[in-house]
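Only the coordinates and a few stated rules stand behind these numbers; no lab work does. Worth saying up front: this structure is predicted, and the values here are computed from it rather than measured. Backbone-built Cβ (ideal geometry, glycine too); neighbour counts: all protein chains shown.
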Amino acid sequence: MALIEERRYVVSTRFGGTGGSQYWDDGLYHGVREITLHFNTHINSIAVGYYKNGENINAEKHGGDGGNPITITLAADEFIKNVSGYIVDGTHWGTADYVIRSLKFQSNIREYGPYGDEEGNPFTFIVNPGDKIIGFFGRNGSHLDAIGFHVALGIPHP
């Protein structure tokens, strides 16, 4: 008798504003390998490296070119389970809507960040035990306007 593993996925709400000229969705993968941010007082851009079927896949960079770059490289047994940050009115940066001011990532091993300034309206996305973030989506123009997450749901064990 063969055991068939069924994977289930959910999509989070989108955190941030409705501005930005570009909606993007990196899609579903088996996990996150690395996250590259460009930031200063806010998040300029994000690019995520994933893995799927043993292959490394780099998604496009979403956002502008400004800011300081930082790359978070996850260990082979590490995964992102929580993301938090701040959203702020973007008129100071030339956008009429809200932008992502800061991001912090919590893995099953450690915390990364905060990147950007922790000012504005806070948000937190926490996955349930056994679940993990396996994809990102959002909106951008020259800044990261909004961010959301694809989550793989854990499989119950008897």
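Quote the FRET efficiency, to the nearest 0.05, computed for GLU111 versus SER21 with a Förster distance R0 of 30 Å and r equal to the Cβ-Cβ distance.
Efficiency at R0 = 30 Å is approximately 0.40.
Size of the chain along its principal axes in angstrom, Cα-based, largest extent first?
Here the Cα extents, ordered largest to smallest, are 62, 29, 26 Å.
Take GLU60 and THR124, extend 7 Å from each Cα along the Cα→Cβ direction, and tell me the distance between the two endpoints in nm.
It is 3.4 nm.
What residue among ALA75, ALA47, ALA146 shows peak mean-square fluctuation when the chain is described by a Gaussian network model with Cα springs under 10 Å?
Of the options given, ALA75 has the highest mean-square fluctuation.
Rounded to the nearest 0.05, what FRET efficiency do ASN68 and LEU28 have when you use their Cβ-Cβ distance and R0 = 35 Å?
Result of the calculation: an efficiency of 0.70.
Pull out the extension gain between TYR9 and LYS52, defined as 0.36 nm times the separation in residues minus the alpha carbon to alpha carbon distance; nm, one decimal.
Gain on stretching TYR9 to LYS52: 14.0 nm.
Each residue of the range 22-37 in turn: what ³J(HN,Hα) in whole Hz from Karplus with 6.51, -1.76, 1.60 and θ = phi - 60°, glycine and Pro shown as x?
10, 8, 9, 8, 5, x, 9, 9, 7, x, 9, 9, 7, 10, 10, 10
Using a 10 angstrom Cβ neighbour count of at most 12 plus a DSSP loop assignment to flag exposed trypsin sites (Lys or Arg not before Pro), which longest range of the chain is free of such sites?
In the chain, the maximal stretch lacking such sites is 8-109.
In a GNM of the chain with a 10 Å cut-off on Cα contacts, which of PRO114, PRO129, PRO69 has the highest mean-square fluctuation?
Evaluated over the chain, the most mobile residue of the options is PRO129.
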